[in-house]
1. Which entries in Lys91/Lys111; Lys57/Lys159; Lys57/Lys111 show an alpha-carbon gap greater than 25 Å?
2. Length gain on complete extension for the stretch Ile15 to Asp74, per 0.36 nm per residue less the alpha carbon to alpha carbon distance?
3. Under 20 Å from a label point 7 Å along Cα→Cβ of Glu104: give me every residue in the range 16-51 with its amide N that close.
4. So how do 43-49, 113-119, 149-155 stack up, highest first, on mean other-Cβ count within 10 Å?
5. Which pairs, out of Lys9/Lys95; Lys9/Lys36; Lys9/Lys59, put more than 24 Å between their alpha-carbon atoms?
6. Once you have the Cα-Cα distance between Ile62 and Gln97, take 0.36 nm times their residue separation minus that, and quote the gain in nm to one decimal.
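What follows is calculated from the coordinates using simple rules that are stated; it is not laboratory data. Bear in mind that the values here come from a model prediction, so they are computed numbers and not experimental data. Heads up, the Cβs are rebuilt from the backbone with ideal geometry, glycines too, and the neighbour counts pull from every protein chain shown.
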Amino acid sequence: MTNSKQFKKLITYNIDEFTNLIPNIGCILGLDLGDKRIGVAISDRKRSFATSLNNIKRKKLIDDISIIKTIISDNDISAIIIGRPVNLNGKSGKKTQSIRRLAEEINKSLKLPLLFWDERYSSQAVEKIMIQELDLSRSKRENLIDSSAACWILEGALKRIEIN
């Protein structure tokens, strides 16, 4: 089996396949890949909850991957969940192809199981909470939105993993 095929085997859209690829205990990294920033969240080892970590200001791909690698090694990460833009009809969005390419590059370097998770409305839902419940200013929201969306994405997947 070629290296490319091995890496693609670690990438899935199916929560059941993903659950079979990962150990029972271990932190999972959640990523919301944007053009300017990557939102980062992490689960606890038992996968009971997710916490927003920070945003990575996008630079070169190699720099972004290096930062993600450091987060992975510092936090004993066993798998990655990446938000996948999906249209209202459930079909892949315009950005899906570029996010998939980026995820494949990340996966080649990191060699961890990776799940694409429907991120529909994650940023909008988080922003609504920030406005209505937390009354945060636009500038404060801008600094928190991506990592909070990553947390939202990760939380959704963790709930499904818990059911399995």
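1. Distance filter (> 25 Å) returns Lys91/Lys111; Lys57/Lys159.
2. Additional length available on full extension: 18.7 nm.
3. 18, 31-35
4. Taking the mean over residues of other Cβ atoms within 10 Å, the ranking is 149-155, 113-119, 43-49.
5. Beyond 24 Å: Lys9/Lys36; Lys9/Lys59.
6. 10.7 nm
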